[in-house]
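Peer 1: Please read through the structure below; I'll follow up with questions.
The values are calculated or read from the model by the stated rules, or taken from the named source; none is laboratory data. Keep in mind that this is a model prediction, so the values were computed, not measured. In this analysis, Cβ positions are derived from the backbone assuming ideal geometry, glycine residues included, and neighbour counts consider all displayed protein chains.
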Amino acid sequence: MKFRRFHVADRIVYRKTKSSEHPGQRARLIAPASNGDLYSYCVDKYWVVESVFPDGTLLAKTRRGKVHRLNHNDPNLRHATLLESIFNRSVFPSSVAISDSPTVDLV
């Protein structure tokens, strides 16, 4: 597999798996559960790299200020394409600024 290099301020897309009774508009790969009460689906999350560590992990910041720690070789993580960066620029965080007390979620 090709080594993916991430830098601070890179726009990234993380495909997150979720489940609920009512998938939203951005839901993809929708599949019903065996009993039919829930649906499992994927949602693309648009984040910006806040910092990169030497061990291959990176901190990604959401539009609302949450911070997630991700591994660079996570199969759900990829760079945003040029078209995604242009057409979806409103869903990416506007700036990369380290907050005073970030909330870190291990994904």
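Peer 1: Looking only at residues in region 13-42 that are basic (Lys, Arg) and in a strand (DSSP E or B), which one is surrounded by the most Cβ atoms within 10 Å (Cβ to Cβ)?
Peer 2: Arg15
Peer 1: Here's a follow-up. Filter region 79-90 down to the residues that are exposed (fewer than 15 other Cβ atoms within 10 Å of the Cβ) and of a type outside the set (Ser, Thr, Tyr), then identify the one that is modelled with the lowest pLDDT.
Peer 2: For region 79-90, the residue satisfying everything is Arg89.
Peer 1: OK, next. Output the residues belonging to region 58-78 that are surrounded by 17 or more Cβ atoms within 10 Å (Cβ to Cβ) and either over 11 Å from Tyr14 (Cβ atoms) or in contact with a Phe, Trp or Tyr (Cβ under 6 Å, 6 or more places away or on another chain) (or both).
Peer 2: Taking region 58-78 first, the residues surrounded by 17 or more Cβ atoms within 10 Å (Cβ to Cβ) are 58-62, 67-68, 70, 77.
Correct list: Leu58, Leu59, Ala60, Lys61, Thr62, Val67, Leu77.
Peer 1: Taking into account only those residues within region 64-93 that are out of contact with any strand residue (DSSP E or B) (no Cβ under 7 Å at 6 or more places or on another chain) and of a type in the set (Lys, Arg), which is nearest to Lys18 (Cα to Cα)?
Peer 2: Taking region 64-93 first, the residues out of contact with any strand residue (DSSP E or B) (no Cβ under 7 Å at 6 or more places or on another chain) are 64-65, 73-75, 81-83, 86-87, 89-90.
Cutting the leftovers down to of a type in the set (Lys, Arg) gives us 64, 89.
Working: Arg64: 19, Arg89: 23 Å.
By that ranking, first place goes to Arg64.
Peer 1: To continue, here is another question. Is at least one residue of region 79-87 in a loop (DSSP other than H, G, I, E, B), out of contact with any Cys (no Cβ under 8 Å at 6 or more places or on another chain) and of a type outside the set (Asp, Glu)? Steps first, answer last, please.
Peer 2: Taking region 79-87 first, the residues in a loop (DSSP other than H, G, I, E, B) are 80-81.
Now narrow it down to the ones that are out of contact with any Cys (no Cβ under 8 Å at 6 or more places or on another chain): 80-81.
Within this subset, residues satisfying the condition of being of a type outside the set (Asp, Glu) are 80-81.
For region 79-87, residues in a loop (DSSP other than H, G, I, E, B), out of contact with any Cys (no Cβ under 8 Å at 6 or more places or on another chain) and of a type outside the set (Asp, Glu): present.
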